[in-house]
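Below is one structure, written out as structure tokens; comments come after it.
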Amino acid sequence: MTKQISPRSSRFRPHAFLSNSQLRSRSVGGSVPSAVASVFAAAGLVPDGVVRWEETVPPPVGHAANTGVYAIALAKDTSSVLGTLDTCPIDRAALKRLLDARPELTVDRRRPNVRELGARLGGFWLADEVVVYIGRAGPRRRIDISPLSDRVAEYYNTPLGARAPTQAGGR
């Protein structure tokens, strides 16, 4: 039996975060699996650091950032590829909430049940990767901490299935 893990689990630990003001040109040769640092380097970016899941991303230090990029990863630090999972960590209760919240959700033009939706999502899982998601915080009209911190907070707080503020949310 595979252990069910939700994004709130300790296995989904860090966000690596950075500011676009730290763009640097670097030559990168990449291969699977990819550490957060190598993914960022491929885009000419350098990570600022790591925070654990559901921690507040601190404001940038030493530079004024108006945007940023974040990655959700299974690794504990930006240069690690340790922490991969052989199977997709499907939270069946979360899938049920998603199906309840989005009655129009279909797979192959028909309404899936929890098992079918989980199987489809699990089919996209890359077992040898630690990077699960990459997002961008663009310019904002209202800033509480920083654009990046505010965007990641939206990610944490968006109910599963909600269209806004971020469709990638997962509570």
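Assorted remarks:
- In the stretch 74-94, the residues that are touching a residue at least 40 places away in the same chain (Cβ under 8 Å) and assigned to a loop (DSSP other than H, G, I, E, B) form Cβ pairs under 7 Å with partners that are buried (at least 17 other Cβ atoms within 10 Å of the Cβ) and among the aromatic types (F, W, Y), at six or more places apart or across chains, as follows: L74/F12.
- Filtered by the rule that a residue be within 22 Å of T87 (Cβ to Cβ) and part of a loop (DSSP other than H, G, I, E, B), the stretch 109-119 gives P112, N113.
- Exclusive hit being out of contact with any strand residue (DSSP E or B) (no Cβ under 8 Å at 6 or more places or on another chain) and among the acidic types (D, E), set D100, D77, D150: D100
- Residue selected from the stretch 78-121 under the condition acidic (D, E) and within 20 Å of the chain's Cα centre (by Cα), by the criterion farthest from L45 (Cα to Cα): D91
- The one condition in (1) closer than 26 Å to V51 by Cα; (2) part of a loop (DSSP other than H, G, I, E, B) that L105 fails to fulfil: (1)
- Some residue of the stretch 127-141 being surrounded by fewer than 14 Cβ atoms within 10 Å (Cβ to Cβ) and free of Cβ contacts under 8 Å to residues at least 40 places away in the same chain: yes
- In the stretch 120-171, residue modelled with the highest pLDDT [restricted to those that are of a type outside the set (A, V, I, L, M, F, W, C), part of a loop (DSSP other than H, G, I, E, B) and more than 28 Å from T106 (Cβ to Cβ)]: D128
The values are calculated or read from the model by the stated rules, or taken from the named source; none is laboratory data. Worth saying up front: this structure is predicted, and the values here are computed from it rather than measured. Heads up, the Cβs are rebuilt from the backbone with ideal geometry, glycines too, and the neighbour counts pull from every protein chain shown.
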